[in-house]
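Below you'll find the structure, written out as structure tokens, and then a few comments.
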Amino acid sequence: MSEPALRILKDVFGYDAFRGNQARIIERVASGGDALVLMPTGGGKSLCYQVPALLRPGVAVVVSPLIALMDDQVATLLELGVSATALNSTMTGEQQRSVAAQLERGEIKLLYLAPERLVQPRMLDFLKRLPIALFAIDEAHCVSQWGHDFRPEYMQLGQLAEHFPGVPRLALTATADSRTREEMASRLHLEEAERFLSSFDRPNIFYRIVPKEAPRKQLLAFLAERRGDAGIVYCMSRKKVEEVAEQLSNQGFPALPYHAGLPNDVRAANQKRFLNEEGLIMVATIAFGMGIDKPNVRFVAHLDLPKSLEAYYQETGRAGRDGLPADAWMAYGLQDVLLLRQMMQNSEGDERHKRIERHKLEAMLALCEETRCRRQVLLAYFDEHLPQPCGHCDNCIDTVETWDATEPARQALSAIYRSGQRYGVGHLVDILLGRETEKIVSLGHQRLAVFGLGKARGEDEWRTLFRQLVARGLAEVDVDGYGGLRLTESCRPLLRGEVRIELRRDPKPQRGRGASSGSSASAASQLVRADEREQWEVLRTLRRKLAEEHSVPPYVIFPDATLLEMLRSQPRSLDEMSRVSGVGARKLERYGQAFLDALNDGGAAPAPVADVRHEVLTLVRAGMTPEQAARQLNCSEKNVYALLAEAIAQQQIALEQALDLPEELLAEIQDAFLEDEGELPPVAQIAPRFEGRVTSGALYCVRAALQAELAD
Ligand code: ADP
Ligand code: ZN
């Protein structure tokens with residue numbers, strides 16, 4: 001790698017080494033060649049044009065689709081001491097003229113522009129008079145008509161090749177599929193560009209997909225373990241977005257709604273808050289998409305199924321851009337499948353297009369019902385082969401059980417067939433369970449051979465089975481009629497007894513009264529350990545203060561990864577501080593001393609109660625009993641139970657996770673609390689009954705869980 005590029009990396013950006021293909025891409029562009037860069041989100045695309053921009057004479061023109069995105073990049077560069085600016089429609093004529101004058105004087109190294117502005121004849125003429133270092137086309141997949149981010153203005157960017165023949169151009173995207181790739185190359189006239197294709201794996205993301213039972217509760221349980229983290233919750237409809245945002249706010253999770261139906265200013269304000277504040281949750285439809293460059297999104301949760309693996313990959317990919325641990329969590333159920341199928345059927349477009357869409361949905365469903373490593377399957381869809389299971393997804397760390405569902409599957413299919421292939425799951429389950437409902441009797445379905453044949457299984461089991469049959473394409477929804485189920489061709493071999501079918505067994509619903517229907521815990525470790533939390537908060541507070549002073553988002557001052565490295569390496573001098581990754585010359589000069597001081601003052605104070613509670617939770621989540629945690633932390637058991645009860649009441653931890661009570665005993669305690677109508681009795685009132693069988697601390701916890709549940 002060239003010496004000057006490395007020096008820029010270190011001095012300006014504060015990093016020691018290039019990652020992945022960065023060095024090769026930079027070399028190529030710096031020496032005047034074109035490049036097509038395919039790199040996953042968080043891979044470090046920006047440096048691929050920012051470093052050559054600093055190596056070459058003239059101004060680098062960066063095309064970016066969204067103003068928010070540009071502003072963010074410009075702020076980041078300015079903080080690094082690099083002269084950058086964006087020209088956009090929100091600027092006054094005067095401001096624009098001043099930028100033009102600066103450009104003419106050669107004072108700007110990077111100019112960010114929206115595509116429609118760049119291709120205006122006046123702009124092109126103006127730029128032709130300037131020395132241009134390079135053109136970078138960010139989010140270049142926007143040129144593809146098939147993608148969901150299509151922007152017609154991108155089509156015109158092909159002209160740059162003619163207008164600026166000697167200027168290197170690079171197109172960058174995180175979109176993986178090969179069709180989009182080819183479209184980019186041809187429409188942008190980058191046929192000759194060297195291609196740099198990175199692995200699309202996002203190793204820091206933990207994937208989990210759970211069956212939908214009580215989705216809102218499941219979401220709360222998931223969030224409870226991530227208090228203080230920023231994240232995105234995706235829902236399909238606007239109405240649901242608003243409901244969920246409100247519900248989360250009521251539960252003490254700071255959440256904002258975002259969808260295309262909100263007034264522009266509200267949307268912009270919410271987006272801005274999401275970027276600038278820490279620990280906010282954005283509840284959104286997919287309208288909240290590109291433009292979220294926030295690097296420290298710690299989780300993406302889906303309450304509804306995306307339409308394709310491309311969409312799933314892209315949406316979950318918004319988590320963990322900074323490379324630190326992040327979670328992708330989704331709850332999925334039969335209703336999702338039915339709804340999406342219906343939407344597809346009713347959508348405009350020719351048969352071919354619909355067929356492609358259906359095909360994509362099938363792949364998405366297959367991932368949900370998958371029993372093998374999710375990451376292997378996801379990457380395989382993008383033609384990438386991961387030789388070993390990843391060890392970092394639900395299927396890798398949980399034992400996934402499968403069962404031979406041949407017999408019940410045939411019964412279910414038979415119920416569909418014999419009732420005339422026109423009824424929904426609810427009715428079919430009633431038939432299998434032998435319920436003489438009004439509808440059954442009026443249709444005479446109690447006389448069907450399959451009536452009551454499935455009594456050995458519960459309603460939930462049957463629903464799960466139907467979901468999997470539909471997901472696997474053995475049955476389908478009659479979207480033209482009343483949305484009933486009917487058989488497909490592919491179920492014949494099964495009905496004829498030629499093949500058997502293995503299905504995934506859903507993890508058992510949580511026992512008790514479904515306290516917090518979880519299965520949400522993930523392996524994503526918390527960013528900081530309990531003993532680091534206090535100093536972490538000190539650093540974050542300082543960062544927030546500086547960010548406010550400079551009117552930039554906190555991560556523009558320092559990304560989380562840099563803060564974390566400071567925390568772990570504990571620099572004691574400015575020289576040591578300069579070795580922390582992400583501390584370049586300018587930032588060292590501006591902020592080095594302030595962070596050194598913060599590190600050196602903020603460590604001695606005694607741990608406040610909140611920290612002890614955090615430690616208790618960490619230990620208990622890691623599998624310790626309350627007794628063990630008390631011993632470890634050198635405090636009383638009573639104290640530990642009290643803290644746990646508090647955390648349970650606030651839904652920060654599920655009862656099942658906090659205590660390991662035998663199921664019957666738990667039910668007995670719950671019954672005791674629920675004996676009387678109205679208020680729950682105090683612990684003292686029922687404690688005598690459980691003397692010697694369970695500590696009163698545990699009773700407090702059970703009561704707290706009931707209270708949280710009743711409050712829902
Ligand atoms: P992308 O645009 O591909 O999503 P970014 O360019 O925003 O990714 O980079 C993601 C994060 O990784 C940023 O915080 C960036 O500063 C950091 N980063 C990029 N390259 C390096 C590197 N060589 N060393 C350390 N950090 C890097
Ligand atoms: Zn895996």
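The values are calculated or read from the model by the stated rules, or taken from the named source; none is laboratory data. On a predicted model such as this, the values are computed, not experimentally measured, just so you know. All Cβ positions, glycine included, derive from the backbone under ideal geometry; neighbour counts span all protein chains shown. What goes into the accessible areas is simple: the full protein's heavy atoms, side chains included, and nothing from ligands, DNA or RNA. Shrake-Rupley method; radii C 1.70, N 1.55, O 1.52, S 1.80 Å.
Taking helices (runs of 4 or more DSSP H) as the structural unit, those lying wholly within the range 217-328 and holding at least 3 residues that are hydroxyl-bearing (S, T, Y) correspond to 309-316. Taking each residue of the range 433-455 that is free of Cβ contacts under 8 Å to residues at least 40 places away in the same chain and looking for partners that are open to solvent by 40 Å² or more (accessible area, probe 1.4 Å) and not in a loop (DSSP other than H, G, I, E, B) with beta-carbon atoms closer than 7 Å, six or more apart or interchain, yields L433/E459; E436/Q446; I440/Q446; L448/R418; A449/R418; V450/R418. Is it true that S46 is closer than 24 Å to H189 by Cβ and within 10 Å of ligand 1 (Cβ to nearest atom)? Considered against the rule, which asks whether it is closer than 24 Å to H189 by Cβ and within 10 Å of ligand 1 (Cβ to nearest atom), S46 comes out as yes.
Do we find that A269 is over 26 Å from P40 (Cα atoms), open to solvent by less than 10 Å² (accessible area, probe 1.4 Å) and hydrophobic (A, V, I, L, M, F, W, C) in this structure? No, not satisfied. Taking the range 202-213 as the range and being open to solvent by 40 Å² or more (accessible area, probe 1.4 Å) and either among the charged types (D, E, K, R) or farther than 24 Å from T41 by Cβ (or both) as the test, the residues that pass are K212, E213. Contact annotation: residue pairs with Cβ atoms under 6 Å, 6 or more positions apart or on different chains, pairing a residue in the range 108-132 that is under 22 Å from L54 (Cα atoms) and in contact (Cβ under 8 Å) with a residue 40 or more places away in the chain with a partner that is open to solvent by 30 Å² or more (accessible area, probe 1.4 Å) and part of a loop (DSSP other than H, G, I, E, B), are I108/S83; K109/S83; P131/P57. Please work out if A649 is assigned by TED's automatic domain parsing to the domain that holds T625, touching a helix residue (DSSP H, G or I) at 6+ places or on another chain (Cβ under 8 Å) and open to solvent by less than 80 Å² (accessible area, probe 1.4 Å). The answer is yes for A649. For residues that are surrounded by fewer than 22 Cβ atoms within 10 Å (Cβ to Cβ) and within 22 Å of C142 (Cβ to Cβ), scanning just the range 276-289, find the one that is farthest from ligand 2 (Cβ to nearest atom). Across the range 276-289, the extreme among qualifying residues is A287.
Quick grid of which residues meet (1) modelled with pLDDT under 95; (2) assigned by TED's automatic domain parsing to the domain that holds W536; (3) on the phi > 0 side of the Ramachandran plot:
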site: G228; (1), (2), (3): yes, no, yes
site: I232; (1), (2), (3): no, no, no
site: E243; (1), (2), (3): no, no, no
site: F253; (1), (2), (3): yes, no, no
site: N270; (1), (2), (3): yes, no, no
site: N276; (1), (2), (3): yes, no, no
site: I281; (1), (2), (3): no, no, no
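Taking the range 628-712 and the helices (runs of 4 or more DSSP H) fully enclosed by it, the elements with 3 or more residues that are of a type in the set (A, V, I, L, M, F, W, C) are at 637-649, 663-674, 683-686, 696-711.
Scanning the range 394-426 for residues that are assigned to a helix (DSSP H, G or I) and free of Cβ contacts under 8 Å to residues at least 24 places away in the same chain, we see that the one that is nearest to Q335 (Cα to Cα) is G426.
Scanning the range 620-646 for residues that are over 14 Å from G697 (Cα atoms), in contact (Cβ under 8 Å) with a residue 24 or more places away in the chain and open to solvent by 20 Å² or more (accessible area, probe 1.4 Å) returns a single hit, R621.
Of everything in the range 275-300, what is among the charged types (D, E, K, R) and under 24 Å from C393 (Cα atoms)? Give them in sequence order. Passing the criteria: K294, R298. For the range 347-355, the count of residues that are more than 29 Å from K45 (Cβ to Cβ) and either within 16 Å of ligand 2 (Cβ to nearest atom) or within 23 Å of the chain's Cα centre (by Cα) (or both) is zero. Quick check on A515: is it within 16 Å of ligand 2 (Cβ to nearest atom), at pLDDT below 85 and in a loop (DSSP other than H, G, I, E, B)? For A515, the condition - within 16 Å of ligand 2 (Cβ to nearest atom), at pLDDT below 85 and in a loop (DSSP other than H, G, I, E, B) - is not met.
Given (1) within 16 Å of ligand 2 (Cβ to nearest atom); (2) at pLDDT 85 or above; (3) in contact with a Ser or Thr (Cβ under 6 Å, 6 or more places away or on another chain), identify the lone condition not met by C396. All conditions are met except number (3). Listed by first and then second residue, the pairs with beta-carbon distance under 6 Å, at least 6 apart or on different chains, first residue in the range 10-21 and open to solvent by less than 80 Å² (accessible area, probe 1.4 Å), second of a type in the set (D, E, K, R) and near ligand 1 (Cβ under 8 Å from one of its atoms), form an empty list.
Here is a yes/no grid of residues against (1) open to solvent by 40 Å² or more (accessible area, probe 1.4 Å); (2) over 14 Å from H302 (Cα atoms); (3) within 16 Å of ligand 1 (Cβ to nearest atom):
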| site | (1), (2), (3) |
| --- | --- |
| Q314 | yes, no, yes |
| G320 | no, yes, yes |
| P325 | yes, yes, yes |
| M330 | no, no, no |
| D336 | no, no, no |
| Q342 | yes, yes, no |
| D350 | yes, yes, no |
| H359 | yes, yes, no |
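When only residues in the range 369-393 that are free of Cβ contacts under 8 Å to residues at least 40 places away in the same chain and open to solvent by 40 Å² or more (accessible area, probe 1.4 Å) count, which is farthest from ligand 2 (Cβ to nearest atom)? It comes out as H385.
Taking the range 85-180 and the helices (runs of 4 or more DSSP H) fully enclosed by it, the elements with 3 or more residues that are open to solvent by 10 Å² or more (accessible area, probe 1.4 Å), over 24 Å from A68 (Cα atoms) and more than 16 Å from ligand 1 (Cβ to nearest atom) are at 121-128, 160-163. Restricting attention to the range 461-479 and to residues that are under 28 Å from the mean Cα position of the chain (by Cα) and open to solvent by 70 Å² or more (accessible area, probe 1.4 Å), the residue that is farthest from L503 (Cα to Cα) turns out to be R463. Once the range 23-39 is narrowed to residues that are open to solvent by 10 Å² or more (accessible area, probe 1.4 Å) and not acidic (D, E), the residue that is nearest to ligand 1 (Cβ to nearest atom) is A23. Using the structure shown, decide if L77 is more than 16 Å from ligand 2 (Cβ to nearest atom), outside any helix (DSSP H, G or I) and under 24 Å from Y154 (Cβ atoms). No, not satisfied. Among residues of the range 44-66 that are in the same structural domain as V143 (by TED's automatic domain parsing) and assigned to a helix (DSSP H, G or I), none has a Cβ under 6 angstrom from a residue that is among the aromatic types (F, W, Y) and modelled with pLDDT of 95 or more at a sequence gap of 6+ or on a separate chain. Taking the numbered list (1) of a type in the set (S, T, N, Q); (2) out of contact with any Cys (no Cβ under 8 Å at 6 or more places or on another chain); (3) open to solvent by less than 40 Å² (accessible area, probe 1.4 Å) in turn, T399 passes all entries but (3).
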